[in-house]
Amino acid sequence: MVAEHNNKILGESTFSAITAASQLGDTTVLVAGKGCGAVAESVSKLKGVSKVLVAEDSAFEHPMPETFAPFVSSVAADYSHIIFGSSSFGKNVCPRAAVLLDCQPIPEVTEIKNENTFVRPMYAGNAMAMVESTCSKKFMTVRTTSFPPSGEGGSATIEQYSSVKVEGPTSAHLGYELSGGSGPSLTSATNVVSGGRGMANGDNFKMLYDMAEKLPDCAVGASEPQWMLVMLEMNYKLAKQEKLLLLNYM
């Protein structure tokens with residue numbers, strides 16, 4: 001399982017990915033970064049983790065998929081399943097790493113039937129497909145809402161990965177542009193208030209923000225046509241996957 005983090009704290013999708021990975025047996029978590037010892041310590045305390053593999057390199061301070069994916073594929077040689085949370089990080093790295101080993105990635109897994117068979121949405125979430133993979137390595141991303149975090153209670157060993165080799169095309173991290181907002185993200189919220197065409201323009205979304213503040217664990221979203229109309233930021237886009245992403249949708 002490949003951990004997402006900022007060298008200080010874990011990304012929320014990592015906790016769900018560990019839950020999913022633990023259903024398949026002993027779980028090794030790869031923590032790659034720069035000065036990420038505290039992250040490795042926190043991972044070792046999570047239930048379901050058998051071992052933490054730490055790869056320290058300045059190139060991984062802000063992992064770029066062009067260089068991080070080749071490293072993941074090289075580490076994957078010793079493992080049968082390589083699992084990511086279904087976040088922008090996982091969606092960037094997973095398919096790149098999979099293709100380097102001539103494997104088909106399995107996106108947005110919502111259920112694990114056995115080591116070869118998985119359930120994932122298709123047709124914009126209007127149907128669920130049971131997929132059987134014959135690839136030698138199973139690369140997948142998992143839906144955070146389908147695999148609740150197991151919490152702490154583990155005592156995994158921490159091992160340093162000594163042969164870090166950075167390959168791939170040259171790319172550089174320039175900076176972050178993070179949207180504001182104090183509420184939960186769309187992928188983790190248990191309640192979501194969504195605006196559609198009736199909102200007419202982005203200014204009217206203030207009514208939804210006011211409503212969301214009165215509801216527990218509530219995020220604000222927008223349907224795809226409305227997102228296109230008012231050019232809201234990408235993290236408000238729900239498209240047609242509300243029923244799969246969210247527990248309560250209003």
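The charge dipole of the stretch 60-195, taken about its Cα centre with unit charges on the Cβ atoms of Lys, Arg (+1), Asp and Glu (-1) only, comes to about 280 debye. Specify whether the C-alpha gyration tensor of the stretch 124-171 places it in the rounded, prolate or oblate class, a ≥ b ≥ c being the square roots of the eigenvalues: rounded for a/c under 1.5, otherwise prolate if a/b is larger than b/c and oblate if not. Here the stretch 124-171 falls in the oblate category. Measuring between alpha carbons in the structure, the pairs from LYS47/LYS91; LYS91/LYS206; LYS8/LYS206; LYS47/LYS113; LYS138/LYS165 lying more than 26 angstrom apart are LYS91/LYS206; LYS8/LYS206.
Throughout, read-outs are computed from the coordinates displayed, never taken from laboratory work. The structure displayed is predicted, hence computed values, not measured ones. Virtual Cβ from ideal backbone geometry, glycine too; neighbours counted across all protein chains shown.
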